[in-house]
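A.B. asks: First the structure, which I've put down as structure tokens, then a few questions once you've had a look.
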Amino acid sequence: MGHGRTPGGAGSGGWQPQALGWRRAALRQAGLGKPRLPGDGRGVTERLGPGDIARAAAMLRAGDLVGFPTETVYGLGADARNGRAVAGVFEAKGRPHFNPLICHFADADAAFAEVEADGRARALAAAFWPGPLTLVLPRQPGCVVDLLAGAGLDTLAVRVPANPIALALIAAMDGPVAAPSANRSGGVSPTTAEHVLAGLDGRIAAVIDGGPCAVGVESTVLDLTGGAVLLRHGGVPVEAIEAVIGPVGRPLPLSAGAAARTFRSPGMMLSHYAPGLPVRLGAMDVLADEGLLAFGGALPGAGAVFQLSAAADLREAAARLFAGLRALDALPGLRAIAVMPVPETGLGAAINDRLARAAAPR
């Protein structure tokens, strides 16, 4: 299957549009992009606990949207086989229709039943699943995942999450769950149920409160449709991936004018993960009206300080990154967020990727 083609003819429901037109048509076909939401008269979003897995799974099977914890960030889940439910994810988030979703599976066998996995994919799954690694692979001819979940491409982004609540939910739903981060598109990703409700209360049926996420940044995304290419830094450092399959290519940075059809996975938008305040990177000093996102120490003079890790621990910093951006953004009287330098090694690459996109022109 040729990578990046939009479907047409057999197996595509008779649609024969061009790239972006197909995605708009798919949203209309899936129910005009209007999911059944609590805000349509069913009250506020229901807050569930780990003991409510069966109820949450029933909501997903009914076509509703449910927020749930993973080890990376909270996901906004929909039955990946249900086009109307998948369209609801785009609607609830205000997500661009060209931005694919990641499909979450109970195990590697379930994932590889829907995509064509080569030896590299199987080796990586054995090494890192369950865990924060997403693989972009060609769809199997009989793939049950709705085409809209992959933004009309003939590839699919798949992973197995390392969170007991997420795995129990997928098992109870008995099928793949399409789930981007559970927040409004372009904003700071959620790492607690409170973060989910801050952006989506009344827009989704429920959220399962599983406490804060352990990793705190999204999964690493690797394209294996040809030579291995890194699409997004994340919870698995690229050095660890290369130790399993050898060298991994790095794509050129996206420009503001990049065509939408180049987005083969989530997390590739130039401006993303952004708080309301401007973000200033590489700060060596700080002003009184700036909030400081500190790492390994703190600069004097800030209006407020959120410490990512006083011990300069990259794992701790990653887990606290999005909470820190949210906390400083919510404080009155600040005009910007200044960020101290973070090393580029290991998880630092994922942290710096998120910060660079948060600071990008909007």
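The values are calculated or read from the model by the stated rules, or taken from the named source; none is laboratory data. As the structure is a prediction and not an experimental result, all values here were calculated from the model. Neighbour counts are summed over all protein chains in view; Cβ atoms, including those assigned to glycine, are modelled from backbone coordinates with ideal geometry.
A.B. asks: Residues of the stretch 178-195 being crowded, with 21+ Cβ neighbours inside 10 Å, under 20 Å from PRO275 (Cα atoms) and either of a type in the set (Asp, Glu) or in contact with a Leu (Cβ under 8 Å, 6 or more places away or on another chain) (or both), which ones?
C.D. replies: PRO180, SER181, ALA182, ASN183, VAL188
A.B. asks: Just one of the numbered conditions (1) surrounded by 20 or more Cβ atoms within 10 Å (Cβ to Cβ); (2) modelled with pLDDT of 95 or more is not true of LEU153; which one?
C.D. replies: Tallying (1) surrounded by 20 or more Cβ atoms within 10 Å (Cβ to Cβ); (2) modelled with pLDDT of 95 or more, LEU153 fails exactly one: (2).
A.B. asks: Go over the candidates LEU321, LEU331 one by one and state the one that is in a loop (DSSP other than H, G, I, E, B) and touching a strand residue (DSSP E or B) at 6+ places or on another chain (Cβ under 9 Å).
C.D. replies: It is LEU331.
A.B. asks: Restricting attention to the stretch 288-297, which residues are surrounded by fewer than 16 Cβ atoms within 10 Å (Cβ to Cβ) and at negative phi?
C.D. replies: Matches in the stretch 288-297: ALA288, ASP289.
A.B. asks: Determine which single condition ALA162 fails, assuming it passes every other condition in (1) buried (at least 24 other Cβ atoms within 10 Å of the Cβ); (2) more than 14 Å from the chain's Cα centre (by Cα); (3) within 30 Å of ASP201 (Cβ to Cβ).
C.D. replies: ALA162 satisfies all of (1) buried (at least 24 other Cβ atoms within 10 Å of the Cβ); (2) more than 14 Å from the chain's Cα centre (by Cα); (3) within 30 Å of ASP201 (Cβ to Cβ) except (1).
A.B. asks: Additional query: If the requirement is being modelled with pLDDT of 95 or more, under 19 Å from ASN183 (Cα atoms) and out of contact with any Phe, Trp or Tyr (no Cβ under 9 Å at 6 or more places or on another chain), which of these qualifies: ALA336, ALA330, ALA359, ALA323? Step through it out loud before you land on a result.
C.D. replies: Details: ALA336 fails: under 19 Å from ASN183 (Cα atoms); ALA359 fails: modelled with pLDDT of 95 or more; ALA323 fails: out of contact with any Phe, Trp or Tyr (no Cβ under 9 Å at 6 or more places or on another chain).
Exactly one of ALA336, ALA330, ALA359, ALA323 is modelled with pLDDT of 95 or more, under 19 Å from ASN183 (Cα atoms) and out of contact with any Phe, Trp or Tyr (no Cβ under 9 Å at 6 or more places or on another chain), namely ALA330.
A.B. asks: Let me ask something else. So for the stretch 31-46 (the condition being at pLDDT 95 or above and of a type outside the set (Val, Ile, Thr)), does at least one residue qualify?
C.D. replies: From the stretch 31-46, those at pLDDT 95 or above are 45-46; that's our starting set.
Among the residues that remain, those that are also of a type outside the set (Val, Ile, Thr) are: 46.
Looking through the stretch 31-46, at least one residue is at pLDDT 95 or above and of a type outside the set (Val, Ile, Thr).
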